[in-house]
Amino acid sequence: MDKNKNQSKGNTISMSRETRTVQALGFEDESSGALVPPVHFSTTFARDAEDYQTPQGRSYLRCDGATQELAEAILADLESAEESMVFSSGIAACTAPFHGLKQGEHALISKTLYHGVLSFVKEFSESWGILIDYFETGNLEELEQKLIPGKTQLVWLETPANPTWAITDLETAAKLTHQAGALLAVDSTVATPVLTRPLELGADLVCHSATKYLNGHSDVLAGFLAVRDPSLELWRRVKMHRKFGGTVLGSMEAFLLIRGMKTLHLRVQRQSQNALELARYLEAQGSINWVFYPGLESNPGYPIAKKQMQGGFGGMLSFLVSGGKKEALEVLSRAQVFKRATSLGGVESLIEHRKSSETVETETPDNLIRMSVGIEAVEDLLEDLRRMLQV
Ligand SMILES: *Cc1c(COP(=O)(O)O)cnc(C)c1O
């Protein structure tokens, strides 16, 4: 599919990525003219009596689905990717490249990471014979030292990274990784393709929990991986894993994801604006020890974030309260606009005691509160923060 052109009949003018996403790549149903893509629920497809072929080459929904393929085309366009694959969840997408590694191969992982990926690696890598090593998030000298040329196959990192939103310079990380003959995979869930496109900065694979900003309405579980070079052996194995591991996305979920993505740019712009305002407010409060948000000039990641995030710094921020878990829970108990819940990227603002949600030993402090800032009126969010902090 020509990624840069409107797909509707006879229309070949070039459009911005935002317009293409809003219009689902210009989708028009050929037979009816419907602008909203249909949901194809059929798991199987009829074969011709003569040549035993199906009309569009699809045979079984676990292998190919029309609704899933439209979602994949939109996602590949968003990430400047050659190919993309949707999965049944973000974690299914994030762990697929590890399933693609072979016994004795080495992977390097950044320490500050979504806890689910860490849990998976800690539970399974040893018994599968995959060698895992860790580097301090954002510390590229340590990354360089720990890369083993010829042996390291995969470098995995997240930027901004859960839950401190530490920033890694993707261009430099990609250069170092490639010098050692390895591939760079980036979990870009928090940045979204609106703000950062890792493949354009040299990464080989990009991964998302589409459950979060891409769908944006807290009502779909989905994930995707996108690749710059689909001829990679790792990509072939990831494809095999999805097909025969069965981590496929359902048709209804694919449809809802396509619908959700239409407003992605608008939502992320508003969320980034709201989050920056809240971060500045929090930074000005004496009772807050530290605010983690890459859009604050005081944040150590700010210069790189400014370079590799365009149009905003995202909707995620964290802060430390004085005291420990008890004091943090007291703050949360006073929330009325923010909902006390885990997850992120939906239109509604969420707030949580992060450590309580994590499933593995991490460095997340007991007094850390994590917020996913939504698209509500910012005055209401500010008022709620004042209520929570009693200022
Ligand atoms: C939520 C999340 C995941 C896991 O995605 P699910 O859709 O919950 O399976 C992976 N990475 C990041 C950064 C996330 O926030």
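Details
- Cut-off under 5 Å, modelled amide H: who pairs with LEU317 long-range: MET371, VAL373
- Mean residue ellipticity at 222 nm, helices only, the chain: -10500 deg cm²/dmol; runs of at least 4 DSSP H residues each add -39,500 (n - 2.57), and the sum is divided by the number of residues.
- Working from label points 7 Å from Cα in the Cα-to-Cβ sense, the GLU330 to ASP380 distance is 2.8 nm.
- The relative contact order of segment 37-261 comes to 27 percent, based on Cα pairs under 8 Å that sit 6 or more residues apart.
- Karplus-derived 3J(HN,Hα) values for segment 132-145, using 6.51 cos²θ - 1.76 cosθ + 1.60 with θ = phi - 60°, are 10, 9, 10, 10, 4, 4, x, 8, 7, 5, 5, 4, 4, 5 Hz; glycine and proline are entered as x.
- Averaged over its residues, segment 114-179 has an accessible area of 44 Å² per residue, based on protein heavy atoms and a 1.4 Å probe.
- As a rough guide to protection, the peptides 304-314, 328-338, 180-190, 124-134 ranked by mean Cβ packing within 10 Å, highest first, stand as 180-190, 304-314, 328-338, 124-134.
- Each Cα pair under 8 Å and six or more residues apart adds its separation to the average, and for the chain the resulting relative contact order is 16 percent.
- About the centre of its Cα atoms, the chain shows a dipole size close to 280 debye [charges on the beta carbon of Lys, Arg (+1) and Asp, Glu (-1) only; nearest 20 debye].
- Computed extension length for ARG259-GLN390: 43.2 nm, one decimal, from 0.36 nm per residue of separation with the Cα-Cα distance subtracted.
- Simple label model, 7 Å out from Cα along Cβ direction - ASP229 to LEU266, nm: 4.0 nm
- Carbon plus sulfur fraction of accessible area for the chain, probe 1.4 Å, in percent: 50 percent
- Calculated FRET efficiency for the pair SER357/SER298, C-beta based, R₀ 25 Å, to 0.05: 0.40
- Accessible area per residue in Å² at 1.4 Å probe, computed on segment 66-111: 24 Å²
- Structural descriptor for segment 1-143: relative contact order 14 percent, calculated from alpha carbon pairs under 8 angstrom and at least 6 residues apart.
- Dipole of segment 264-389 [Lys/Arg +1, Asp/Glu -1 at C-beta], most positive-end residue of ASN289, ILE304, LEU368: ILE304
- The 3J(HN,Hα) values that the Karplus relation (6.51, -1.76, 1.60; θ = phi - 60°) gives for segment 286-295 are, in residue order, x, 6, 9, 6, 7, 10, 9, 7, x, x Hz. Gly and Pro appear as x.
- Charging the Cβ of each Asp and Glu at -1 and of each Lys and Arg at +1, and nothing else, the dipole of segment 264-389 about its Cα centre rounds to 140 debye.
- Remark on ALA166: its backbone amide H falls under 5 Å from those of ALA161, a criterion applied only to residues 5 or more positions apart or on other chains, H modelled at 1.01 Å from N.
- Two-decimal Rg to Rh for the chain - Kirkwood Rh, Cα set: 0.98
- Once the chain from LYS102 to SER42 is taken as fully extended at 0.36 nm per residue, the excess over their C-alpha distance is 18.1 nm.
- Cα-projected label distance for TYR60 with LYS122, points at 7 Å along beta-carbon direction, nm: 3.7 nm
- Euclidean distance of C-alpha centroids, segment 132-166 and segment 77-123, integer Å: 13 Å
- Sorting the segments 230-241, 101-112, 82-93, 251-262 by their mean number of nearby beta carbons within 10 angstrom, highest to lowest, gives 82-93, 251-262, 101-112, 230-241.
- For the peptides 13-19, 362-368, the ranking by packing is 362-368, 13-19, with the highest mean count of neighbouring Cβ atoms within 10 Å listed first.
- Annotation: amide H-H contacts under 5 Å for ALA222 (H modelled 1.01 Å from N, sequence separation of 5 or more, or interchain): GLY90, ALA210, THR211.
- Length added when fully stretched, GLU18-LYS339, from 0.36 nm per residue minus Cα-Cα: 112.6 nm
- 19 Å cut-off, amide nitrogen to a point 7 angstrom out along GLN285 Cα→Cβ, residues in segment 324-347: 324-342
The values are calculated or read from the model by the stated rules, or taken from the named source; none is laboratory data. Note that the structure is a prediction, hence the values are computed from the model and not measured. Here the Cβ is made from the backbone with ideal geometry for all residues, glycine too, and neighbour counts use every protein chain on show. Each accessible area value is taken on the protein alone, full model and side chains, heavy atoms only, with ligands, DNA and RNA left out. Shrake-Rupley method; radii C 1.70, N 1.55, O 1.52, S 1.80 Å.
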